[in-house]
Amino acid sequence: MEGKKLIEKYTVESDGVTAGVAIWNVLSENVPVYDLTMPEIGPATEAVMGEVIDELCKVFPLEIEDVRDPKKLEAIKQGMLTHTKEAVKKMLPNLEEEKVTMISGIMLHRMIGLGFIELILADNNIEELAVNAAHLPVHVYHKKYGWCQTTKSLGSEEETLNFSSQIGRKVGREINSLHPIMDAHLITGDRVASTLFPITTAGNTITIRRFSRNPWTIVHLISPEYHTLSVEMAALLWLALQYELNILVAGGTASGKTSILNAISILTPPSHRIISIEDTREITLPKELSNNWVPMTTRNANPEGQGEVSMLDLMVSSLRMRPDRIIVGEVRRREQAETLFEAMHTGHSVYTTLHADTVEQVKRRLVEAPMSIPKTELEALHLILVQFRDRRKGSRRTLEMAEVLRGGKDYLETNLLFRWHPRDDKFEKVNASIRLFEDLNLHTGMTGQEILHDIKEKQAILEWMLAQNIKDIGDVGKVMRIYYKDKTPLLEAVKNKKPLPS
């Protein structure tokens, strides 16, 4: 079609409802178009659906407590689905089972969901969804294509308000003319920010940051498709993580800080106890690590200003839980940074993120006010990664990787290990490691040659995983379990370039 080129096509499914997604490059639009094709429903079926919905509202009256309890809500949802299917079969006896399921799912989305938005949120490629006003197309942030304009919009400002109120009720938050701004953290991990007119002058808004159900692994990040960092950089990170060195990931908004943090956390030995601390639940670990993992999230104060649980509260509490590893979503304040570096000095392995665009900015943010962390404290940190997001291309890269050096100088000294060059999109090895090799030799007895051999071995495993298409979080978790328990069969498979024996 003239002026319109198809980029990608696939399907999404939610509660038995399947919809088509087509990504188009349209000359007349500034961003790609996310075309969501819903199942077609005729007027007669719509009338039946209206009757069934009216009946269900009487049979399943929802109380606030039911909405806030995820188990109760899921039980009600399943009851509604069963009742809906029976009602549809009774009124439309000749309808195929597949269509009965589809119609029932659509009704469920309309009654206790967010309508067509449920299908967009079921797309694992979507990171963010934005309703900028009811009359404007809904926008989504796609993992591959960045911001896209959808072919859908909400019917009215009232519908936007209803959706915001429905989201708020699930977590005990409210949005109205007196409280026109709502920030809600859902039990699913999704984060929602809503505003009302006239605070946002174009209309009511909803922004949903979607919690990744199947996050990127280190194998995704080294693949040609993403090319976020090189295999050698990934192997060095794996080595640092295996031997409990402290890592800080920096970068701007949406640069992939949490993605890198999550990806390297998956490389943790399964025998270690992990505590993760976040404002919004984003970290996801495989089954092999979940039995001794305690995920913790902050809590906002209620409308009366009571019941707040801060990041600092959780960090202090985590130190009493005998963790081997502490993952902190993001450090923002001085008290948090002080507690974090105190944890490093007391023998805990810590991984966190910080807003900064270069290694030098990281140093300035930590050393200067308001954080003002002493240099002697900062030397507990081993590695700094800086993530970069190219908004024009929609790509993410590890811009710099540096190690923190110890020494008698009165300023924090770093050694730049790797740097990304945007012109040719390649990663350059700048300097050989000093601190990492010294610390590993001190604590493990490994010689420089043995450390280099370990890195090469890890590189070979990562390249083998990429060749075998072992990318999923569950599959990577299984490989890590084998590696740490008995890596002999794994190395044999890598050497022969064959799959692992069953």
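Ile208 - would you say it is in a strand (DSSP E or B), crowded, with 22+ Cβ neighbours inside 10 Å and out of contact with any Leu (no Cβ under 7 Å at 6 or more places or on another chain)? No; evaluated as a whole, the condition is false for this residue. Scanning the range 266-297 for residues being assigned to a loop (DSSP other than H, G, I, E, B) and either touching a residue at least 40 places away in the same chain (Cβ under 8 Å) or not assigned by TED's automatic domain parsing to the domain that holds Leu354 (or both) gives a total of 16.
Here is a yes/no grid of residues against (1) under 30 Å from Glu403 (Cβ atoms); (2) of a type in the set (A, V, I, L, M, F, W, C); (3) in contact (Cβ under 8 Å) with a residue 24 or more places away in the chain:
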| position | (1), (2), (3) |
| --- | --- |
| Asp190 | no, no, yes |
| Ile206 | no, yes, yes |
| Ile222 | yes, yes, yes |
| Ser230 | yes, no, yes |
| Gln242 | yes, no, yes |
| Leu245 | yes, yes, yes |
| Leu248 | yes, yes, yes |
| Gly252 | yes, no, yes |
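Considering only residues in the range 79-101 that are aliphatic (A, V, I, L, M) and farther than 11 Å from Met49 by Cβ, the one that is modelled with the highest pLDDT turns out to be Val100. Within the range 10-36, restricting attention to residues that are part of a strand (DSSP E or B) and among the charged types (D, E, K, R), the residue that is surrounded by the fewest Cβ atoms within 10 Å (Cβ to Cβ) is Glu13. Among the conditions (1) at negative phi; (2) at pLDDT 95 or above, the only one that Glu244 does not satisfy is (1).
Of everything listed in (1) outside the structural domain of His345 (by TED's automatic domain parsing); (2) farther than 20 Å from Pro286 by Cβ, the single unmet condition for Pro224 is (1).
Considering the range 184-202, the residues that are touching a strand residue (DSSP E or B) at 6+ places or on another chain (Cβ under 8 Å) and among the polar types (S, T, N, Q) include one that is surrounded by the fewest Cβ atoms within 10 Å (Cβ to Cβ), namely Thr195.
Results for (1) in contact (Cβ under 8 Å) with a residue 24 or more places away in the chain; (2) crowded, with 18+ Cβ neighbours inside 10 Å; (3) farther than 28 Å from Tyr226 by Cβ, shown as yes or no for each residue.
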{"residue": "Lys85", "(1), (2), (3)": "no, yes, yes"}
{"residue": "Glu96", "(1), (2), (3)": "no, no, yes"}
{"residue": "Ile103", "(1), (2), (3)": "yes, yes, yes"}
{"residue": "Glu118", "(1), (2), (3)": "yes, yes, no"}
{"residue": "Leu129", "(1), (2), (3)": "yes, yes, no"}
{"residue": "Tyr141", "(1), (2), (3)": "yes, yes, no"}
{"residue": "Thr150", "(1), (2), (3)": "yes, yes, no"}
{"residue": "Ser156", "(1), (2), (3)": "no, no, yes"}
{"residue": "Ser164", "(1), (2), (3)": "yes, yes, yes"}
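Take the conditions among the β-branched types (Val, Ile, Thr), loosely packed, with under 15 Cβ neighbours inside 10 Å and free of Cβ contacts under 8 Å to residues at least 12 places away in the same chain and apply them to Thr444. Does it pass?
So Thr444 does not fit the description; no.
Tallying residues that are in a loop (DSSP other than H, G, I, E, B) and crowded, with 22+ Cβ neighbours inside 10 Å within the range 247-265 yields 2. Residue count for the range 267-284 under the criterion of being buried (at least 23 other Cβ atoms within 10 Å of the Cβ) and over 17 Å from Thr297 (Cα atoms): the result is 2. All conditions but one from (1) closer than 28 Å to Ser259 by Cβ; (2) assigned by TED's automatic domain parsing to the domain that holds His227 apply to Val479; the one that does not is (2).
The values are calculated or read from the model by the stated rules, or taken from the named source; none is laboratory data. Because the structure is a prediction, the values reported are computed rather than measured. A quick note on method: Cβ atoms are made from the backbone with ideal geometry, for glycine too, and the neighbour counts reach across all protein chains shown.
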